[in-house]
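Engineer: The structure's right below; bear with me while I get my questions together.
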């Protein structure tokens, strides 16, 4: 049982080392991308050791304890690796492309004169973006609009929402 507890403790210490000085060890404990990172190894070792110790106490069989510990270690290690990979991959913080805004809803923030430009504000991919805008008729500030076309990288055509 002591060997299992030591393996589990090594996993916890490795996890703490990765949390505290992981930036300095950048990639030293990565064996094949995010799925086999140092954090995944620490999760595997911790789960294998502690679950193996529990299984040994419950069954008094080294073979069963090793098998159950390995199964738990693989599940926890894979879960940590997958979670780590998804977290490092990021989310929806991509750059906003004007061409992707057609059909989206916005609000006029600076009045749009009949034959000129005003400004609209839109939240896209978590970014608040302000663009120059033209409309078929004049629109006052606060009017909800729909973007109908892209005129340039910084300007769009809009129509009032029905």
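Engineer: Any residue in the stretch 53-64 that is part of a helix (DSSP H, G or I), within 28 Å of residue 19 (Cβ to Cβ), modelled with pLDDT of 90 or more and in contact with a helix residue (DSSP H, G or I) (Cβ under 6 Å, 6 or more places away or on another chain)?
Structural biologist: The first filter runs over the stretch 53-64 and keeps only residues part of a helix (DSSP H, G or I), leaving 53-59, 62-64.
Okay, now just the ones that are also within 28 Å of residue 19 (Cβ to Cβ), so 53-55.
Now drop any that are not modelled with pLDDT of 90 or more, which leaves 53-55.
When the remaining residues are screened for being in contact with a helix residue (DSSP H, G or I) (Cβ under 6 Å, 6 or more places away or on another chain), the result is 53, 55.
Scanning the stretch 53-64 turns up at least one residue that is part of a helix (DSSP H, G or I), within 28 Å of residue 19 (Cβ to Cβ), modelled with pLDDT of 90 or more and in contact with a helix residue (DSSP H, G or I) (Cβ under 6 Å, 6 or more places away or on another chain).
Engineer: Okay, next question. Does residue 106 satisfy being surrounded by 14 or more Cβ atoms within 10 Å (Cβ to Cβ), in contact (Cβ under 8 Å) with a residue 24 or more places away in the chain and either assigned to a helix (DSSP H, G or I) or out of contact with any strand residue (DSSP E or B) (no Cβ under 9 Å at 6 or more places or on another chain) (or both)? Step through it out loud before you land on a result.
Structural biologist: Numbers: surrounded by 14 or more Cβ atoms within 10 Å (Cβ to Cβ): yes; in contact (Cβ under 8 Å) with a residue 24 or more places away in the chain: yes; either assigned to a helix (DSSP H, G or I) or out of contact with any strand residue (DSSP E or B) (no Cβ under 9 Å at 6 or more places or on another chain) (or both): no.
No.
Residue by residue, here is whether (1) touching a helix residue (DSSP H, G or I) at 6+ places or on another chain (Cβ under 6 Å); (2) within 30 Å of residue 36 (Cα to Cα); (3) without any contact (Cβ under 8 Å) to a residue 12 or more places away in the chain; (4) not assigned by TED's automatic domain parsing to the domain that holds residue 45 holds:
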position: 66; (1), (2), (3), (4): no, yes, no, no
position: 76; (1), (2), (3), (4): yes, yes, no, no
position: 110; (1), (2), (3), (4): no, no, no, yes
position: 116; (1), (2), (3), (4): no, no, no, yes
position: 123; (1), (2), (3), (4): no, no, yes, yes
position: 127; (1), (2), (3), (4): no, no, no, yes
position: 136; (1), (2), (3), (4): no, no, no, yes
position: 145; (1), (2), (3), (4): no, no, no, yes
position: 148; (1), (2), (3), (4): no, no, no, yes
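Engineer: OK, next. Being assigned to a strand (DSSP E or B) and over 25 Å from the mean Cα position of the chain (by Cα) is the filter here; which residues of the stretch 115-142 pass it?
Structural biologist: Within the stretch 115-142, the first condition is being assigned to a strand (DSSP E or B), and the residues that meet it are 118-124, 127-134, 139.
Listed by number, the residues that qualify are 118, 119, 120, 121, 130, 131, 132, 133, 134, 139.
The values are calculated or read from the model by the stated rules, or taken from the named source; none is laboratory data. Just so we're clear, the structure is a prediction, and the values are computed from it rather than from any experiment. Ideal geometry is used to build each Cβ from the backbone, glycine not excepted, and the neighbour counts take in all protein chains shown.
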